[in-house]
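Below: one structure, written as structure tokens.
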Amino acid sequence: MGNRKIFSLAFLLLLLTLLLFACNNDDSADSGTDTGTDSGDTGDSGDSGEEKVLVFGRGGDSVSLDPITVTDGESFKVTKNIFDTLINFGEQDTEIEPGLATDWEAAEDGLTYTLTLREGVMFHDGTEFNADAVVANFERWAGGDADQFPYYGSMFGGFGDEDGHVIESVTATGDYEVEFKLKRPQAPFLKNLAMSPFGIASPTAVEAAGDSFGDNPVGTGPFTFVDWSRNDSVTIEKFDDYWIEDEPKLDRVIFRSIPDNSARLNALLSGEIDLADGITPSDGATIEGDDNLQLFERPSMNVGYLGMTVTREPFDDPLVRQAMNHAIDKQAIVDAFFEGRAEVAKNPIPPVISGYNDNIEGYEYDPDRARELLAEAGLPDGFDMELYAMPVPRPYMPDGQKVAEAIQSNLADIGVNAEIVSFEWATYLEKAANGEADAFLLGWTGDNGDADNFLYVLLDQDNIGSNNYTYYENQALHDLLIAAQTEVDEDVRNDLYMQAQEIIHEDAPWVPLAHSTPLLAGGSNVVDFKPHPTGSDKLSAVDLE
Amino acid sequence: MSQSAVENKKVQSDKVAGPWKEAWRGFRKSKIAVVGMGIVIFFILLAVFGPLVTMQGINEQNLPERLLPPSSTYWLGTDDFGRDILSRIVHGARISLWVGFLAVVGSALMGSLLGILAGYYGRWVDAVISRIFDIMLAFPSILLAIAVVSVLGPSLRNALIAIAIINIPNFGRLIRSKVLSIKEDEYIMSAKAIGMKDNRILFSHILPNSMAPVIVQGTLAIATAIIEAAALGFLGLGAQAPAPEWGKMLADSRPYLTNAPWTMIFPGLAIMLTVLGFNLMGDGLRDALDPRMKS
């Protein structure tokens with residue numbers, strides 16, 4: 001028994017020592033600097049004639065490396081560097097620029113597009129890139145279904161002979177000329193072509209690999225695929241015959257999955273990785289204050305929101321949904337959990353996107369008004385509900401659990417008793433898509449910078465069960481959104497979207513929370529890294545010093 | 001050792017003190033055990049009266065005042081929702097002690113019942129019960145608790161049930177071995193000989209005489225139960241937001257370890273001190289109640 005006492009005492013001492021260490025950390029910022037310098041040194045060694053290897057730390061693994069089969073950002077982060085698209089987005093915006101197509105021409109009626117292709121481009125497997133390759137890709141996609149190629153269906157309205165399918169035919173009118181014929185005009189057509197899922201794959205490799213193409217991707221991009229160990233890392237290396245001279249500058253890029261935000265930051269501090277995605281806003285100031293690190297802000301093109309399933313009581317009543325909007329103190333949430341690196345949202349689309357309706361007045365934080373609205377809806381004593389809190393940090397919502405707790409407290413003020421529940425990410429999305437949640441936190445990062453990619457995808461009745469998790473439907477809204485899709489005149493189109501936002505504001509299926517500025521961090525030796533608003537970055541111009 | 005043995009003999013020769021009083025004297029002799037009891041009493045008082053006197057609310061969020069360091073207004077600082085950490089720790093004492101106590105009472109009751117049955121009846125009853133205990137002890141206890149909670153669903157009540165369940169075999173085995181030895185004593189033999197019913201033998205004679213180790217094990221088990229509850233809370237399987245459970249407070253403050261270490265240090269200290277208190281007290285009790293000490 002004497003032993004036990006001695007042990008307890010020793011334990012106490014050990015804990016006290018640990019405590020002292022923890023307190024010490026405050027003023028010993030220089031200890032972090034030391035490790036930072038070390039990492040700088042290892043980076044330099046790459047400079048001296050050896051391989052330049054960039055390790056990119058991110059929150060999750062890719063689902064597949066065949067971009068057309070997936071919709072998740074972690075897959076596109078890799079495929080954007082293996083595949084090229086016919087049309088590119090600007091360096092840090094979503095304006096269209098030449099990609100594999102050097103030039104394009106649209107007919108007056110908006111029904112025919114003729115694309116001139118770049119000559120002398122090779123796929124990684126030595127196949128030549130030409131009009132036939134483009135046609136082969138579109139034939140493959142159009143011949144699939146929503147399970148195989150989900151993004152093709154939602155951007156081009158369907159597959160094969162289906163009525164909604166926008167593309168009537170894709171034909172090679174020359175060795176380097178392709179003609180697209182559409183059934184009806186589609187305003188964002190060229191922007192759609194620039195989206196990561198529509199990267200052009202080598203037709204011979206697709207044929208050879210069949211279903212396993214996602215494990216052996218072959219494109220024309222700056223890097224070729226080397227190796228993928230699931231849930232750990234994807235390795236790609238320089239493609240020597242890339243069509244832009246002097247690019248890529250790096251010899252090798254390794255994408256490592258490190259799910260925990262603080263573990264990823266520690267890996268960056270210790271020099272294990274060179275770039276880290278998904279930096280917690282509260283760490284932003286620390287990184288800015290460290291000479292060995294640099295902070296990157298990804299231009300904001302997203303929305304984080306609280307969705308309410310409008311088919312469930314009491315959220316079937318618009319008054320209740322408006323009350324929820326008044327009850328939540330968005331500004332406080334943005335200040336606390338986005339550390340101010342976000343803008344309070346009032347519309348489902350972010351302000352950078354054309355068609356944003358700035359005339360709408362957001363619901364003010366006003367608990368009294370919220371209580372009045374609840375009383376008007378016949379619920380003066382409030383109600384009980386389940387609040388889904390996302391289990392993983394996302395760029396549009398750095399910490400879903402904390403935001404949920406803040407909302408829970410706001411709702412308690414108006415007598416609504418919210419119980420926070422959470423599931424594993426895939427289950428969470430599935431349950432929300434099935435309409436099982438009363439209210440849920442979620443968000444969206446735009447893929448092509450078009451209002452259609454937010455309003456139609458997230459709130460139209462056509463997308464109930466897929467991306468419209470709220471089950472919200474409104475015929476007038478649907479008509480506006482479809483009209484906007486086929487409208488080619490930019491001003492008329494923007495006007496349609498403005499009206500659509502008014503309807504959504506009134507019906508309030510969401511509480512729009514914030515448009516965040518996602519943060520990344522890298523060692524000070526990383527140059528020319530320009531984060532793209534779509535969330536996936538082409539790394540061909542990036543270099544290590 | 002030898003000194004205390006002499007003392008014990010003196011006490012015995014007095015024949016004034018009852019067994020409990022005698023145990024108390026033994027207990028008092030160990031300074032460290034008294035310190036342990038002091039800590040435990042302090043936390044019990046905190047749990048009972050603390051919530052009545054803390055100034056700040058426990059769940060009222062005040063986001064502009066988040067992550068403030070300890071000051072005269074907020075003695076232990078504020079957490080990431082601007083809530084007073086002191087008030088939350090005080091309320092958390094109520095949760096932790098309550099869970100620890102109830103879980104141990106639950107497992108002691110179940111464990112004692114099964115242990116007595118196994119020890120007294122022997123044969124297949126013993127075989128079945130003992131094998132079940134063996135199986136339960138084969139799992140790391142926290143893993144078993146996680147399994148139980150994931151079946152029942154995460155909540156404080158279910159965490160309590162899980163902790164009670166995983167501690168049953170510890171008590172069961174203890175009682176069983178005690179019963180095995182008591183069963184052979186003359187007074188039980190004679191009780192049997194005069195035809196006393198099993199029920200009465202079990203509950204009026206065997207049970208009270210095998211209580212001492214249960215009390216010792218109970219105090220030590222409260223310490224473990226508090227840690228287990230905190231661990232489940234930390235994993236998000238115990239108390240749910242916004243309850244000020246210590247383990248959950250630790251988990252919530254993980255992102256602020258470098259920026260605001262007080263959010264983590266004080267709940268951690270609270271857990272450590274309570275557990276230390278119960279362990280020291282348990283050790284003292286064991287020394288005082290262990291029959292091997294009296295020869």
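Observations on the structure shown:
- Antiparallel DSSP beta bridges within segment A:302-516, as percent of all bridges there, nearest 5: 65 percent
- Ascending count of other beta-carbon atoms within 10 Å, so fewest first, for B:Phe203, A:Phe255, A:Phe225: B:Phe203, A:Phe225, A:Phe255
- q = 0.08, 0.14 Å⁻¹, chain B: log10 I(q)/I(0) [Debye, one scatterer per Cα]: -0.44, -1.06
- Of B:Glu245, A:Glu502, the sequence from fewest to most neighbouring Cβ atoms within 10 angstrom is A:Glu502, B:Glu245.
- Ordering A:Glu247, A:Glu430 by the number of other Cβ atoms within 10 Å of each residue's own Cβ, fewest first, gives A:Glu430, A:Glu247.
- Backbone HN-Hα couplings from phi across segment A:384-391 [Karplus 6.51/-1.76/1.60, Hz, Gly and Pro as x]: 9, 8, 9, 10, 7, 10, 5, x
- Listed peptides A:133-144, A:439-450 by packing density, highest first (mean Cβ within 10 Å): A:439-450, A:133-144
- Mean Kyte hydropathy of 0.0 or more with a Cα span along the axis of at least 18 Å, helices from DSSP in chain A: A:2-24
- Structure remark: mean-square fluctuation, Gaussian network model of chain B, C-alpha springs under 10 Å; the largest value among B:Gly122, B:Gly100, B:Gly111 belongs to B:Gly122.
- Long-range HN-HN contacts of A:Val421 with modeled amide H, under 5 Å: A:Leu387, A:Tyr388, A:Ala389
- Nearest-0.05 FRET efficiency for A:Glu297 and B:Arg131, computed from C-beta distance (R0 51 Å): 0.25
- For A:Val218, the residues whose amide H sits under 5 Å from its own are A:Ser202, ignoring neighbours fewer than 5 places away on the same chain, with H placed 1.01 Å from N.
- For segment A:302-516, the fraction of alpha-carbon pairs in successive 5 Å shells from zero, as %: 1, 8, 16, 21, 21, 17, 10, 4, 1, 0
- Most fluctuating residue given options B:Ser107, B:Ser141, B:Ser96, as computed from a GNM of chain B linking Cα atoms under 10 Å: B:Ser141
- Antiparallel DSSP beta bridges within chain A, as percent of all bridges there, nearest 5: 75 percent
- Amide H contacts under 5 Å for A:Leu117, placed H, 5+ residues apart: A:Thr102, A:Glu177, A:Val178
- Other protein chain C-beta atoms within 10 Å of residue C-beta, averaged over B:248-255: 2.
- Counted residue by residue at 0.36 nm each, then reduced by the alpha carbon distance between them, the extension gain from A:Glu95 to A:Glu372 reaches 95.2 nm.
- With Cα atoms defining each centre, segment B:165-214 and segment A:334-398 are spaced 63 Å apart in the structure.
- The angle between the Cα long axis of helix B:123-138 and the longest principal axis of the Cα atoms of chain B comes to about 30 degrees, rounded to the nearest 10.
- The relative contact order of chain A comes to 20 percent, based on Cα pairs under 8 Å that sit 6 or more residues apart.
- Of B:Met136, B:Met211, B:Met189, the residue with the greatest mean-square motion in the GNM of chain B, using alpha carbon springs below 10 Å, is B:Met189.
- Helix B:156-182 and the longest principal axis of the C-alpha atoms of chain B enclose an angle of approximately 20°.
- For segment A:84-203: rounded, prolate or oblate by the Cα gyration tensor [a/c cutoff 1.5]: rounded
- For segment A:229-235, 3J(HN,Hα) per residue [Karplus equation, 6.51 cos²θ - 1.76 cosθ + 1.60, θ = phi - 60°, Hz, x = Gly/Pro]: 9, 4, 6, 10, 8, 10, 10
- Overall form of the protein assembly as shown per C-alpha gyration tensor (a/c, 1.5; a/b vs b/c): prolate
- Helix axis angle, B:141-152 relative to chain B longest principal axis, alpha carbon, degrees: 70 degrees
- For chain B, the mean residue ellipticity at 222 nm estimated from helices alone is -24000 deg cm²/dmol, where every DSSP H run of n ≥ 4 contributes -39500 (n - 2.57) and the total is divided by all residues, rounded to the nearest 500.
- With both labels modelled 7 Å from their Cα along Cα-to-Cβ, the A:Asp260 to A:Glu419 distance reads 3.0 nm.
None of the figures in this text is laboratory data; all of them are computed from the coordinates on show. Predicted model, so just to flag it, every value in this text is computed and none were measured. Please note: Cβ atoms are built from the backbone with ideal geometry, for glycine as well, and neighbour counts cover all protein chains shown.
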